[in-house]
1. I'm checking my understanding of the structure. Among residues of the stretch 16-48 that are surrounded by fewer than 16 Cβ atoms within 10 Å (Cβ to Cβ) and in contact (Cβ under 8 Å) with a residue 12 or more places away in the chain, which one is farthest from residue 89 (Cα to Cα)?
2. Of the residues 92, 180, 165, which is out of contact with any helix residue (DSSP H, G or I) (no Cβ under 7 Å at 6 or more places or on another chain), without any contact (Cβ under 8 Å) to a residue 12 or more places away in the chain and more than 30 Å from residue 66 (Cα to Cα)?
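Readers should treat all values here as calculations from the given coordinates under stated rules, not as data from a laboratory. Bear in mind that the values here come from a model prediction, so they are computed numbers and not experimental data. Cβ atoms come from the backbone with ideal geometry, glycine included; neighbour counts cover every protein chain shown.
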C-alpha cells in the first residue's frame, strides 16, 4: 500500500453507483462513481463529487445541460457493464448491452432490473478546485419489490458493491442494530 498522507484521497469504504444521463443525441450515458453521499432534510439529496472539472467529463456536461441524473446502486451482476463504462477498464471491441428505460418520474435513463436507483434533479453545484459537487434531490426511488418487503433494509439482500482504492467488496454479516452494544 502507498503511504497515506494528508493529501491522500482516503475514502476506504465507498458504495459504487452508476450515474445515468442522456447525451445531446438522446443516447444513454452511464458512468461509475463512488464519491457519493447523502443529506437529510427537505429535500433529501445525493451529494455527488466528480473530479476532473477542468476536463469536463461527459457525465458532468450532461448534468450541467439537463440538471438531471439517475444513480443506480451497483450490484455484482452489474460489474461487467460497469467496467465497460469506465475509461480505465473498458476493453475495445467488447459491447455489453444493458437494457434501460426512461425514468418513472424524470427524463433519465434507468437500468432495467436494477435493485435500487434514484431519479434526481440537481439543485446546487459547488466547485472546489478540480471537483464539481452536485446536490441532487431525489424525486423518485425505484426499489425492487422483494427489497421493499423486507423487515429492515438488509444490505445482504441488496448486495451492493463497495469500492476501496481499486478493489471491489461485498457486504458481510449482520452484526446487530443500534443499541445492541450499549446494553
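1. Of everything passing the filter in the stretch 16-48, 43 is farthest from residue 89 (Cα to Cα).
2. Going through 92, 180, 165 in turn, the sole match is 180.
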